[in-house]
Structures are given as C-alpha cells and as structure tokens.
1. Given the peptides 30-38, 122-130, arrange them by the average over their residues of other C-beta atoms within 10 Å, most packed first.
2. Viscosity 0.692 mPa s, temperature 37 °C: what is the translational diffusion coefficient of the range 285-365 from Stokes-Einstein with a Kirkwood Rh over Cα pairs, rounded to a whole number of µm²/s?
3. Given a Förster radius of 22 Å and the C-beta distance between Ile102 and Arg263 as r, what FRET efficiency does 1/(1 + (r/R0)^6) yield to the nearest 0.05?
4. In nm, give the distance between the simple-model label positions of Leu301 and Ser224, each being 7 Å from the Cα along the Cα-to-Cβ direction.
5. Using 7 Å Cα-to-Cβ label points, what is the Ala247/Leu412 separation (nm, one decimal)?
6. If I take R0 = 60 Å and measure r between the Cβ atoms of Asn383 and Lys168 in this structure, what FRET efficiency does the formula 1/(1 + (r/R0)^6) give, to the nearest 0.05?
Amino acid sequence: MTNYRRAIRYVLLPVAWALLCSSAQAQGIGDWLDKRVEMQATATAGKKKPAQTESIAIDRGSTTFVDQTSAADVISSALNLVPLGGSSADGSGTVNISAYAIYTLVSRQDPLLPDVYNGHQDLRRFSFVIGREAQNDSTGNAQARGTIYGFKILLINTRDASSISSDKKFHDELGAVLRSQAAARGKAAGKLRIFLFEKLNNGRFPDEPAFEEAELKTADKVESAIKNLSHDDQVEVSRIADTYAQAIKTANPMPIVKRLERRPQFSFGFQTIQRPSGSPTEYRGQLIYDQGITDRLFLVLNGTFDYSSTEKLGGDTRGGRGALELKYNITQVAGADLHSPMQLALSGEGERKQNNWLYRAQLKLEIPISTGISLPLSLGYGNRPDLLHQQEKDIFGKFGLTFDIGKIVDGLRQR
C-alpha cells in the first residue's frame, strides 16, 4: 500500500499536474519555476563572459601584454612564475577585486546568488588591482621591485545579465525550451506543490488543490510561501528548482551566450607601478576595446599613454603604446558550464619610448585546469631587450596560474 501511495504521489500526480499547467489556472508554481530558471540562465550567461584574470599588462612579468575590457565579477588572482630561460628572475602576482565584491562583502550578501548578481550589474563595471611586479637582477642593473596598483571602468557594457534580460530573442528562445519541456516543468511543479503542502498547510486546508488555490496561485505567493520555510527546507526547494533547470537543458540551452560574447565592449583603465625612492615610477592611462569576430575568434585592442617619473633631472619620459590580440577558442564550452575554453592567442605590441620603437610579438596557449583555474603559457620575441626593463631576452617564455574565485566557488556549489 505504501508503494502504491508513493506511485500516486510521485508519478501520477506530477503527470496530472503537467496537464494542469497548460490551463489558465494553477500557474503560480510553474511561473515561479520559470522565473527562477530565467534568472539563473541570465546570471550564468553573464558569468560566462570573457574576463581578464591574468596580471595587468604594465607588469612585464605578466603572461599577457594585452589587457581585456572585463575583469572577473568577484575576485581573481594571478601568479606569474619564473620566466622560462630567466633563471634569476622573481615571479610576480596580482589580485583583482570588483566594486560588486566589496559591496556584497559589506552588505553580507552572497555575490553568486542569481537575484543578487542580476541586480547589481553596474557595480561590476568597476574593478581594482594590486600586486607586485616581476624583477630580474641578472643584468646587474636591477631597479627596486615595485607595487602595482590600478583600476578599470567598463564604459560600454553589452555582455552582462542586464543586456540579456532585455533581449527579446533570448526570451523567445528560452520560452521555446520551456514549452518543449512541459513534462519536466509539470514534474517539478508537482514535487514542489506537495512539498509546500506538507511543510506549510498545518491542517488549514483539506487537500493540496485547496491549499494551492489559496496560497500558491501566483508566483509572488509561491515566493512568499517559500520565505516562510526553514533554511533546510529552502535548500530542498532550491534543489527541486535546480533539478528542473537541469532537465530543460539541451546541448546548447542558451544560444544567447555566443551572441553575448561577440558584443563589443569598451573600457578605460589606469595602472601604476610605485617603486621606492631612486627607482622610476610608472603610470599608464589606457583605452581597451574588444569584439567577437566569430563564435570562436575575438579581437582585443589597447591604446595607452605612458609616463615614467624619476628623481633624476630630465629623466622623466613619455610615450605611447598600441597592442592587439587575436584569440581563438580551440575548444567550446556548452551550456551553463563555467569552464573556460582552451584558447590560443596571437598578440603584437608597438611601444614608443625614449625616441625608440620597441616591438614584441607573442603566442599564448591558455589551458583550463578546472572551473576558474587556468594555466597560461606564452612564447614571444622582443626586438630591444635592453630597453624592456631587463625582463626579456630576444626570445622569451612565461607561464603562470590564474584563479577566478567566483567561478571556483560557483563550480563547487554545482557539484
């Protein structure tokens, strides 16, 4: 008899509920689930946008010399290890934090929750970086190791969750997915209806339909009812919703992600290396633009004004710099997976300094190790190693590790 009752409750009732969901009535739970899935989808798509986790380009120990428009949503860090062939060189490293991360820390909110993430996209436009530069004393002309500071402002932001939310095509595509998965919707709604009835009815209504009509008729009422649950019960509700979200996924559940990654972005950045007295202090103002050319190929452009100040009379220098990078995604990451793709990048830089032109070219391979963790490997050539801060030989190689803390935590939660 117990198994028979379970069959009615967990098989027949959900099927019946799926049929009810097609009518004008009993839409509260289904609407709430749909809103939850849409909120999760937009947040996930926003988190998948390309972002810089490597050290900023003013640090010659960085594995890149082309900065990206976007920084990590929460916190990221980069470790640049001993350059290949640079036997006595120290490594370098930076930590990047967004204004959004600072806000959620102060307000004690979870920065990875979809409703919090989607509601504060403007705060993710601002990011700050601090770190230590690389140093090489093998030339016998070493300068004091400096501290790196910087900030970045995303002036034109078209890749965030707010952009997705206003995309009609995305809503139409998501709606088609939801309609094609009506059975999954009905099953999840049935489980949630039964769960809420068992936890909140307290003998007030004779059966589930009466409870639902009174307490769960709209998505707002469902949300209010869930807020009255204990923490453990709310976790169970989230599990039911997440199971539903997984059920409606296909091989490519969010086509908006590819369109999102190709949209143009434009940033302004300021960087400086502050060194002790006797060594030059460097400043850089920078404009950054990037845009997707195809689903796999991306272009990034940097234009900078550089200034170096010293205590030596007449020792200050001014210069300019232009750099570009073409990035190609060797692998593709489907669905809501927050893994980064394996990426091959070709970049070039021209810098005007002390009436000399310095050139560098670099080929870089970025290998994802785990969600939020990558290993960048670069091999490059510089035409004036004597002027490149004594950091590089004619041919140089670098490698490091980068960590996107938000993606790491998000990935652990999804396991």
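1. 30-38, 122-130
2. 219
3. E(calc), rounded to 0.05, equals 0.25.
4. 5.4
5. Modelled inter-label distance: 3.0 nm.
6. With a Förster radius of 60 Å, E is 0.75.
Read-outs: derived from the displayed coordinates by stated rules, not from any lab. In this text, all values refer to a predicted model and were calculated from it rather than measured experimentally. As a convention, Cβ positions derive from the backbone with ideal geometry for all residues, glycine included, and neighbour counts pool all protein chains shown.
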